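The values are calculated or read from the model by the stated rules, or taken from the named source; none is laboratory data. Since we're looking at a predicted model, the values are computed, not measured. We place every Cβ from the backbone using ideal geometry, glycine too, and count neighbours over all the protein chains shown.
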Amino acid sequence: AQSVTQLGSHVSVSEGALVLLRCNYSSSVPPYLFWYVQYPNQGLQLLLKYTTGATLVKGINGFEAEFKKSETSFHLTKPSAHMSDAAEYFCAVSGINTDKLIFGTGTRLQVFP
Amino acid sequence: DTAVSQTPKYLVTQMGNDKSIKCEQNLGHDTMYWYKQDSKKFLKIMFSYNNKELIINETVPNRFSPKSPDKAHLNLHINSLELGDSAVYFCASSQVPIYGYTFGSGTRLTVV
């Protein structure tokens, strides 16, 4: 069975500050991990993914995430927040021989000027 | 040219009615999905089809019936709508699931 826990349903940062959105996973098979972003009244857009190989993955819009097996974590970071980053962020897990993404409950990121 | 398109974008209907949501993808993907996003933004898979064949059917009421006439289309028909069906329904597609999904922009269903 697979599951994802996102710590913090709301995160607020000032523009220019570090963004850190936390995600921990549980998986009985090697996980494939994803971060998606959802802007208001829009669908989900893939930010980045980890399948195999390098544990630090870079995505769009300056985001990156690091897969840490020992901590079962896949936290999302961005060095400097921009107003346009305000959105809902979802962590998701899948695995080999599974055909579905399991999503976390989402984290709403607010960016203040 | 939208990759995954859903129609309608908004749907307001009365309890007991039957409605359909249509989804089309032009990415050439083999697998399509329906997800439900509730009022708390929680996303849960409902169905998945691979090349017109049903692969995943989560514990969804029988009132929900997906239909895939070809691998580019996956429609969702809902009978006898209930208040609890109010949600945003997302269609998605993928070629290889581990590479991620492409989502449509969603259909906001409101049952009154």
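One residue is enough: does the range A:72-90 have a residue meeting the conditions surrounded by 13 or more Cβ atoms within 10 Å (Cβ to Cβ), in contact (Cβ under 8 Å) with a residue 60 or more places away in the chain, within 11 Å of chain B (Cβ to nearest Cβ) and touching a helix residue (DSSP H, G or I) at 6+ places or on another chain (Cβ under 8 Å)? The answer is no, given that none of the residues of the range A:72-90 is surrounded by 13 or more Cβ atoms within 10 Å (Cβ to Cβ), in contact (Cβ under 8 Å) with a residue 60 or more places away in the chain, within 11 Å of chain B (Cβ to nearest Cβ) and touching a helix residue (DSSP H, G or I) at 6+ places or on another chain (Cβ under 8 Å). Scanning the range A:8-39 for residues that are at pLDDT below 95 and farther than 15 Å from residue A:103 by Cβ, we see that the one that is surrounded by the fewest Cβ atoms within 10 Å (Cβ to Cβ) is A:28. A residue that is more than 11 Å from the chain's Cα centre (by Cα), within 14 Å of another protein chain (Cβ to nearest Cβ), surrounded by 13 or more Cβ atoms within 10 Å (Cβ to Cβ) and part of a strand (DSSP E or B) can be found somewhere in the range B:16-33. Scanning the range A:91-113 for residues that are at the interface with another protein chain (Cβ under 9 Å from one of its Cβ atoms), assigned to a loop (DSSP other than H, G, I, E, B) and under 17 Å from residue B:97 (Cβ atoms) yields A:96, A:98, A:99, A:100, A:101. Note on the range A:28-56: residues that are over 23 Å from residue B:92 (Cα atoms), within 14 Å of another protein chain (Cβ to nearest Cβ) and in contact with a strand residue (DSSP E or B) (Cβ under 8 Å, 6 or more places away or on another chain) amount to 2.
What's the total number of residues in the range B:43-92 that are among the charged types (D, E, K, R) and part of a strand (DSSP E or B)? Give the derivation first.
Residues of the range B:43-92 that are among the charged types (D, E, K, R), as a first pass: B:44, B:52-53, B:58, B:63, B:67, B:70-71, B:82, B:85.
If we keep only those that are part of a strand (DSSP E or B) as well, we get B:44, B:53, B:67, B:70.
Final tally of qualifying residues: 4.
State which residue is farthest from the other protein chains (Cβ to nearest Cβ) when the search covers only the range B:63-86 and only residues that are within 11 Å of the chain's Cα centre (by Cα) and among the aliphatic types (A, V, I, L, M). Only one residue fits best here, namely B:78.
Please specify each residue of the range B:39-50 satisfying the condition of being more than 9 Å from every other protein chain (Cβ to nearest Cβ) and in contact with a Gly (Cβ under 9 Å, 6 or more places away or on another chain). Before the answer, list the steps.
Of the residues in the range B:39-50, the ones more than 9 Å from every other protein chain (Cβ to nearest Cβ) are B:39, B:46-47, B:49.
Within the range B:39-50, none qualify.
Kindly evaluate residue B:53 against the criterion of being of a type in the set (D, E, K, R) and either away from chain A (no Cβ under 14 Å) or within 14 Å of residue B:17 (Cβ to Cβ) (or both).
On the way: of a type in the set (D, E, K, R): yes; either away from chain A (no Cβ under 14 Å) or within 14 Å of residue B:17 (Cβ to Cβ) (or both): no.
Against the criterion (of a type in the set (D, E, K, R) and either away from chain A (no Cβ under 14 Å) or within 14 Å of residue B:17 (Cβ to Cβ) (or both)), residue B:53 does not qualify.
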